[in-house]
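Down below is the structure, laid out as structure tokens.
The values are calculated or read from the model by the stated rules, or taken from the named source; none is laboratory data. Just so you know, these numbers come straight off a predicted model, no measurement behind them. Virtual Cβ from ideal backbone geometry, glycine too; neighbours counted across all protein chains shown. Each accessible area value is taken on the protein alone, full model and side chains, heavy atoms only, with ligands, DNA and RNA left out. Shrake-Rupley method; radii C 1.70, N 1.55, O 1.52, S 1.80 Å.
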Amino acid sequence: MSAITQTQIDQQVFSLYDEYCHGRIDRREFLKRAGALGALGLAISLLPDYARAQTISFTDQRIKAQYVTYPSPGGNAANMRAYLVHPAGSGPFPTVLVVHENRGLNPYIEDVARRAAVEGYLALAPDGLAPVGGYPGNDDDGRELQAKLDQPKLRTDMLNGARFLKSHKLSSGKLGVTGFCWGGGTTNWLATALGPDMHAGAPFYGAAAATADVPKIKSPLLVHYAENDPRINEMWPSYEQALKSAGVRYEAHIYPGTQHGFHNNSTPRYNESAAKLAWDRTLAFFRKNLA
């Protein structure tokens with residue numbers, strides 16, 4: 001039997017991190033198993049460093065940012081909190097809803113909203129954890145809090161965020177949605193829930209929409225997948241077939257050599273070239289469909 005290579009060990013640790021990120025093992029178990037592989041250093045380096053995530057300063061003169069609340073009937077709270085960013089100027093602007101991962105509105109997601117704003121969009125990033133005090137400042141606690149929420153109501157909170165954004169006084173009425181991990185799956189779901197009220201969706205490594213609901217999708221989709229993400233990728237063939245059968249316009253890309261979470265520049269799963277390509281494609285897609 002041949003010795004296991006460092007590349008294979010690294011991939012095992014990335015897979016363990018994916019288990020940890022999705023709440024299937026806790027932080028202690030993740031570090032324990034990585035240590036048993038002799039890769040504790042890599043495991044520790046995978047934990048987020050949000051100082052790295054900021055690419056657009058929150059004081060950037062090109063944008064204006066504020067925290068807002070919006071009503072959320074049927075959600076986990078009567079009112080939700082969100083981060084609203086728009087270009088300097090009076091608008092109106094096309095809009096982009098930015099849906100976080102499975103841990104609330106962390107600094108990386110806020111930065112993505114600012115990235116959208118500097119490109120000319122009115123961006124809203126809701127904090128699904130608002131009903132339990134908001135993003136707690138670290139991903140471990142955030143993940144635990146999000147898992148305890150009523151999940152259908154949490155999706156309703158995102159749906160209400162989309163409606164709030166679309167009807168905002170600075171909105172042009174055109175709505176795009178992007179999201180990552182849990183937010184990618186929610187982007188697919190929002191396409192079914194909003195129907196013709198959504199004009200473009202760009203999910204990153206998200207769970208597929210329910211097959212029975214795919215005919216409700218009226219917006220084009222730009223679907224991003226990591227190469228090494230079997231749990232999510234195994235959903236794609238049936239999802240693609242459903243999209244074809246329903247006549248939904250879509251484009252899908254699998255990024256070679258990437259892990260789930262490759263767009264998140266706060267961890268070493270980040271793949272700079274793939275993240276840039278995926279984001280550039282997303283911006284081009286939004287320009288085409290939200291103009």
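Whole-Hz ³J(HN,Hα) for each residue in region 129-137, computed from phi via Karplus 6.51 cos²θ - 1.76 cosθ + 1.60 with θ = phi - 60°, x for glycine and proline: what do you get?
8, 3, x, 10, x, x, 3, x, x
Relative contact order, percent, of region 28-101 when contacts are C-alpha pairs under 8 Å separated by at least 6 residues?
Answer for region 28-101 is 20 percent.
Over the chain, average the accessible area per residue using a 1.4 Å probe and give it in Å², no decimals.
With all protein chains present, the chain gives 43 Å² per residue.
Could you give each residue of region 183-188 its phi-based ³J(HN,Hα) in whole Hz, using Karplus coefficients 6.51, -1.76, 1.60 with θ = phi - 60°, and x for Gly or Pro?
Calculated HN-Hα couplings, in order: x, x, x, 5, 4, 4 Hz.
Could you sort 130-143, 190-203, 111-124 so that the peptide with the highest average Cβ count within 10 Å comes first and the rest follow in order?
Output ranking for 130-143, 190-203, 111-124: 111-124, 190-203, 130-143.
Among Ile232, Ile63, Ile44, which one shows the biggest mean-square fluctuation in a GNM of the chain, springs joining Cα atoms closer than 10 Å?
Ile44
Would you mind working out the magnitude of the charge dipole of region 127-230 relative to its Cα centre, with +1 at each Lys and Arg C-beta and -1 at each Asp and Glu C-beta, to the nearest 20 Debye?
660
Based on the alpha-carbon gyration tensor of the chain, what equivalent-ellipsoid semi-axes (square roots of 5 times the eigenvalues) come out, in whole Å, largest first?
The answer is 30, 22, 19 Å, longest axis first.
Would you please give the residues with an amide H less than 5 Å from that of Thr258, counting only those at least 5 places away or on a separate chain, with H modeled from the backbone geometry?
Under 5 Å from the amide H of Thr258 lie the amide H atoms of Glu227, Asn228, each far enough along the sequence or on another chain.
So what is the 222 nm mean residue ellipticity for the chain from helices alone, if each DSSP H run of at least 4 adds -39500 (n - 2.57) and you divide by all residues, rounding to the nearest 500 deg cm²/dmol?
-12500 deg cm²/dmol
Quick one: what are the phi-derived ³J(HN,Hα) couplings along region 268-283, Karplus 6.51/-1.76/1.60 with θ = phi - 60°, whole Hz, x for glycine and proline?
Per-residue couplings from phi come out as x, 5, 4, 10, 4, 5, 5, 4, 5, 4, 5, 5, 4, 5, 5, 5 Hz.
Take the alpha-carbon positions of region 196-291, form their convex hull, and give its projected area averaged over all directions (one quarter of the hull surface) in nm².
Answer in nm², one decimal: 6.3.
Would you work out what percent of the accessible area of region 130-196, with all protein chains in place, is carbon or sulfur (probe 1.4 Å)?
Heavy-atom surface of region 130-196 belonging to carbon and sulfur, 1.4 Å probe: 51 percent.
Just how far, in whole angstrom, is region 65-140 from region 182-218 if you go by their alpha carbon centroids?
If you average the Cα positions of each part, the centres end up 18 Å apart.
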